[in-house]
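Quick notes on the structure that follows.
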Amino acid sequence: MSKDNNEILISIDTTYLHQESDPENNKFYFLYTVSITNKGNIGAKLLSRHWVIEDANGKVQNVKGEGVVGDQPYINPGGEYQYTSGTFLETSLGTMKGSYQMINDSENYFDAEIPEFVLTIPRVIH
């Protein structure tokens with residue numbers, strides 16, 4: 001019997017949305033696009049998420065919920081799922097990290113760690 005190989009690779013791209021932000025009122029809006037790739041040998045379904053969002057003032061938000069953007073995607077071995085979401089920060093710099101709670105085809109539950117990434121406004125070079 002082969003051992004299940006839960007190799008979920010998560011990569012993130014971020015974008016600062018200037019038009020949706022209001023820096024004078026400490027509102028900075030960031031989009032993040034998540035790519036979830038199943039590098040393992042068994043399919044897996046994303047059940048829920050847990051995000052830890054921290055701004056430069058040390059304010060921490062824990063966000064938990066079912067699925068992502070209203071979906072609980074099933075990812076085949078070698079497959080990829082991508083989605084875009086967003087968050088507001090009170091500072092122009094912050095971080096996000098967390099995990100996805102998943103179940104594989106053998107009905108084993110596991111967490112896929114989301115590596116920490118930085119949210120920051122683009123810097124202007126003179």
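For the chain, the Kirkwood radius over C-alpha pairs fed into Stokes-Einstein at 4 °C and 1.567 mPa s yields D = 83 µm² per second. In order along the range 84-100, phi translates into HN-Hα couplings of 10, 9, x, 8, 9, 10, 8, 10, 7, 9, x, 9, 9, 7, x, 7, 10 Hz, rounded to whole numbers, per the Karplus curve 6.51 cos²θ - 1.76 cosθ + 1.60 with θ = phi - 60° and x for Gly and Pro.
Each of residue 60 and residue 111 was given a label point 7 Å from its Cα along the Cα-to-Cβ line. The distance between the two points is 1.3 nm. For residue 40, the residues whose amide H sits under 5 Å from its own are 7, 78, ignoring neighbours fewer than 5 places away on the same chain, with H placed 1.01 Å from N. Using the Cβ-Cβ distance between residue 41 and residue 12 with R0 = 25 Å, the FRET efficiency computed as 1/(1 + (r/R0)^6) comes to roughly 0.55.
Bear in mind that the values in this text are calculations on the coordinates, not laboratory data. Since the model is a prediction, treat every value here as computed from it, not as a measurement. In this analysis, Cβ positions are derived from the backbone assuming ideal geometry, glycine residues included, and neighbour counts consider all displayed protein chains.
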